[in-house]
1. Among the residues of the stretch 105-128, what is the count of those that are under 10 Å from the mean Cα position of the chain (by Cα), surrounded by fewer than 24 Cβ atoms within 10 Å (Cβ to Cβ) and part of a loop (DSSP other than H, G, I, E, B)?
2. Looking only at the stretch 129-157, filter to residues that are assigned to a helix (DSSP H, G or I) and out of contact with any helix residue (DSSP H, G or I) (no Cβ under 9 Å at 6 or more places or on another chain); which one of those is surrounded by the most Cβ atoms within 10 Å (Cβ to Cβ)?
3. Is it the case, given these coordinates, that residue 145 is in contact (Cβ under 8 Å) with a residue 40 or more places away in the chain and in contact with a strand residue (DSSP E or B) (Cβ under 6 Å, 6 or more places away or on another chain)?
4. Identify, by number, the condition in (1) in contact with a strand residue (DSSP E or B) (Cβ under 9 Å, 6 or more places away or on another chain); (2) touching a residue at least 40 places away in the same chain (Cβ under 8 Å) that residue 181 doesn't meet.
5. Across the stretch 190-206, which residue is nearest to residue 153 (Cα to Cα) among those that are surrounded by fewer than 18 Cβ atoms within 10 Å (Cβ to Cβ) and within 18 Å of the chain's Cα centre (by Cα)?
């Protein structure tokens, strides 16, 4: 089995464990990304078997998959509070369960859904656990297209490297579901994720950052010998 295939099997294991958290009658935040896609497929099978849930998707991509799976969807006009959100992450800090998210480009909607949730369960394989946020992934920052060059310049005063995200193979700027650009920012160290999140949010032109601080309540981490459950300390 290739490494990619084995990682997929771990992601599926984490998704199966998270699907067991879902109960009849829940409003569920449906995450975005490869691991979340496995979860949506599992929930679709349960819905077709009689499970009654309502989903609020974090991206157009997830919404399309949920519709194909037969999962009923709603918006915040219908429900302002979500019972449980299940989503993946790019980096997870054990203990606090602070996260970096946004490699899939859905960080703004993901954070809106997470902030409206009573619980947020993160699903991942063990490669996403880090001792310091930013050690593997850059921090995605969603910005307004107008004057993006000036916003990127301000971010360069704080970050070590700032790169505009481009469409793969195309060269044009990547555009989020909200119509914004993303710049990926690398920092030499992030000793205070909450402080950096606040700092980024106060910059003119910044819409949101991929730092998710104090939102995840638990994490289901798939390892070769099983799925480990971490609770926020």
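Just so you know, all these numbers are worked out from the coordinates, no wet-lab data involved. What you see is a predicted model, and the numbers here were worked out from it, not measured in a lab. Counting neighbours? That spans all protein chains shown, and the Cβs are built from the backbone with ideal geometry, glycine included.
1. Adding up the residues that qualify gives 1.
2. Within the stretch 129-157, the match that is surrounded by the most Cβ atoms within 10 Å (Cβ to Cβ) is 151.
3. Working: in contact (Cβ under 8 Å) with a residue 40 or more places away in the chain: no; in contact with a strand residue (DSSP E or B) (Cβ under 6 Å, 6 or more places away or on another chain): yes.
Here the answer is no, as residue 145 does not meet what is asked.
4. Unmet for residue 181, out of (1) in contact with a strand residue (DSSP E or B) (Cβ under 9 Å, 6 or more places away or on another chain); (2) touching a residue at least 40 places away in the same chain (Cβ under 8 Å): (2).
5. Taking the candidates together, the pick is 201.
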